[in-house]
1. Can you tell me which residue is nearest to ASP651 (Cα to Cα) among those in the stretch 571-581 that are surrounded by fewer than 24 Cβ atoms within 10 Å (Cβ to Cβ) and at pLDDT 90 or above?
2. Looking at THR164 and the list (1) in the same structural domain as PHE42 (by TED's automatic domain parsing); (2) farther than 18 Å from VAL14 by Cβ, which single condition is not satisfied?
3. Output the residues belonging to the stretch 598-611 that are assigned to a loop (DSSP other than H, G, I, E, B) and at negative phi.
4. Which pairs have Cβ atoms under 7 Å, sit 6 or more apart or on different chains, and link a residue in the stretch 300-326 that is under 13 Å from GLY443 (Cα atoms) and of a type in the set (Gly, Ala, Ser) to one that is assigned to a strand (DSSP E or B) and at pLDDT 95 or above?
5. State whether the residues of the stretch 418-437 include one that is touching a Gly at 6+ places or on another chain (Cβ under 6 Å), free of Cβ contacts under 8 Å to residues at least 40 places away in the same chain and within 21 Å of THR318 (Cα to Cα).
6. Looking at ASN435, ASN420, which is the one that is under 27 Å from the mean Cα position of the chain (by Cα) and either among the polar types (S, T, N, Q) or over 19 Å from LEU299 (Cα atoms) (or both)?
7. Return only the number of the condition from (1) under 18 Å from GLY162 (Cβ atoms); (2) surrounded by fewer than 21 Cβ atoms within 10 Å (Cβ to Cβ); (3) modelled with pLDDT of 95 or more; (4) not acidic (Asp, Glu) that GLY102 does not satisfy.
8. Show me the strands (runs of 3 or more DSSP E) entirely contained within the stretch 12-81 in which 1 or more residues are in contact (Cβ under 8 Å) with a residue 12 or more places away in the chain and more than 20 Å from GLY128 (Cβ to Cβ).
Amino acid sequence: MLNKELLNPKSIVVIGASNNIHTPGGSVLKNLIAHNFKGELFAVNPKETEVQGLKCYQNVLDIPQVDLAIIAIAAKFTLETIQILTQQKNTKGFIIFSAGFGEKDAEGKKLEAQIVKEINAVGGTLLGPNNIGLINQNYAGVFTTPIPKLNPKGVDFISGSGATAIFIMEAAMATGLTFSSVYSVGNSAQIGVEEVLEHLDETFEKGKSSTVKLLYIESIENPQKLLKHAASLIAKGCKIAAIKAGSSSAGSRAASSHTGALANSDVAVDALFKKAGIVRCYGRNELITVAGIFMHQELKGKNIAVITHAGGPAVMLTDALSKNGLNVPEITGKESEALLNKLFLGSSVSNPIDFLATGNAEQLETIIDYCENSFSEIDAMVVIFGSPGLFEVYDVYDVLDKKMRECKKPIFPILPSVVNVKKEIDYFISKGNINFPDEVLFGNALAKIFKTAKPISGEKTQTNLDLEAIRNIINTAENGYLAPQQVRQLLIAAKIPLVNEAVCSTKKTCLSEALKLGFPVVMKVVGPIHKSDVGGIILNINSVEKLAESFQKIMQIEGAKAVLLQPMKKGMELFIGAKKEGDFGHLVLCGLGGIYIEILKDINVALAPVSKMEATEMIQNLKSYKIIQGIRNQEGVNENLFAEIVVKVSDLLMAAPEIAELDLNPLFGNSKEIFAIDARISIEKIKKNHKNKLKLFDY
């Protein structure tokens, strides 16, 4: 937990303070003084007696007791310094700028761990090492510039990279975005992004705390903590956007299942962000744009009026909105005709509403009033207004400022003339406004926010799994892929519907079981993992002769141990899969099955546990959903049953966390029933001894 000594210190010492403001120790002291830290300031430097007007101590042993230490000295001297501070100076807040720790080598990692141990022993909080510091309403404890405008209702920003934090702040300031706090966590030796978010959640006060959080994450060390506190903050009315860097892979691993090939750590990040309600961004400008939109009124509907005096940007914005699922509806009728009569000849009000390069502030105000009061189908307005540099546009931006405060519908200002009307934009920003310089970036970001769902509610499900049977199967199984009979028993215990089947190792048994199942049957090889790749599936076996011939053929396949017989069924091929992805937990996937999973890769993914509502959304958001519904006289699939099986798979994963990968591919489905035709499950038991709890995750 972040303590008061770090967040609101009454006294700060800069270890490594300097008169040279181009060093970290000199720059942070300058920032602390310039931004009016109200507590006591101390400086330590063995070579100085006075630093930037402050008395300078030559040895940390000589300073009074102090709440927070900001350390800007070589890594090798930090441990001894921290031991003195913790044991003799009652210091409990620490910011370490110094590099040369865990990011460097094993020795640095060891030193980092020793420092954390010393700080933990006194209940202290450490930010860093290898970071730029902390900015909040109480002090500017960073060695970098610029220091953004601070506002209690501004953005809380947590960054895993100091340099990235600087670049984001620089770009954000140009748009008018303000900050409530900025945390640079560096190596996250003790406190990382997740812990800062936890603090923001646990100290959140409605009406007082910032409601916008931005994250730049390079490594998610505790996915479940991130999920918990992000979802909690969003449920309290906050909005969160995040960049997770490092999403690409140097190469794709050879996967033994369809699920393994489709699910990876970046898919897990997507699933976690979706479950939490976090808007995922992929670049600094996108993150800033999303944050700017967050600071405006929330968009309640899809219909946007594009108001412009320049055709090109309006067309590009309309394209961006339309391609991403928002509407720029045509505006017609008597009210639109009345508006047109109030504009210059050649204007258009069909939407985009183009009032020409000669349009003025009075006309803009009239257009906004019509969109607010007369065009009921419009949910929000985007105003694009720049200048060719021939005249000033202060009056236009005054109208924008006034209407943004008055109107109940959101108004988003796109001000692209960042050179010609820089003074006017600065004036607009000085009134507390935020603008957007790029219409396409804005359009994409607005649509992304609109389509990002709120965190999944804590819906509880009733499960009737046979937990005892599941645990018995898992406890007695060896690591790796389960035998077909074990898979079948596990799915039966999970109440997942299966087609009847029999495993046969002789022709005689094969014939006997086929007669029980009834012709036609399908025969599959037991042994090789990818059956179709080795010719290990034979369909429509409808006679004793063909049965014997098929048995002979399949048993000649390399690695064949037996054959699996099933009655020949018809239905739409579906897919449900699962994969354990490290500390994220299990990913659950669903989509069309069979070869379509390989060709179309049309899947949706959720982080377990998956509720019925989540499962239904996964199905309905598939690109192939219309096929699942049934098109062109083809029978559709009972999506309620499909969703129930997704939930049962999720419940199975909660009961048997040792499951590493699971494939139900295909399931056959129609309007009345869905049942698994083929399945494989691999398990990976944790080596440590532990007692398995017969308890499902509490949604």
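The values are calculated or read from the model by the stated rules, or taken from the named source; none is laboratory data. Computed from a predicted model, the values in this text were never measured in an experiment. Because the Cβ atoms are built from the backbone with ideal geometry, glycine has one as well, and the counts that use them run over all protein chains shown.
1. By that ranking, first place goes to LYS580.
2. (1)
3. From the stretch 598-611, those assigned to a loop (DSSP other than H, G, I, E, B) are 600-602, 608-611; that's our starting set.
LEU600, ASP602, ALA608, PRO609, VAL610, SER611, listed by residue number.
4. ALA305/ILE353; ALA305/MET381; ALA314/VAL306; ALA314/THR308; ALA314/ASP354; ALA314/ILE384
5. No, every residue in the stretch 418-437 fails to be touching a Gly at 6+ places or on another chain (Cβ under 6 Å), free of Cβ contacts under 8 Å to residues at least 40 places away in the same chain and within 21 Å of THR318 (Cα to Cα).
6. Unique residue meeting the criteria: ASN435.
7. (3)
8. Of the strands (runs of 3 or more DSSP E) lying wholly inside the stretch 12-81, those with at least 1 residues that are in contact (Cβ under 8 Å) with a residue 12 or more places away in the chain and more than 20 Å from GLY128 (Cβ to Cβ) span 40-44, 54-57.
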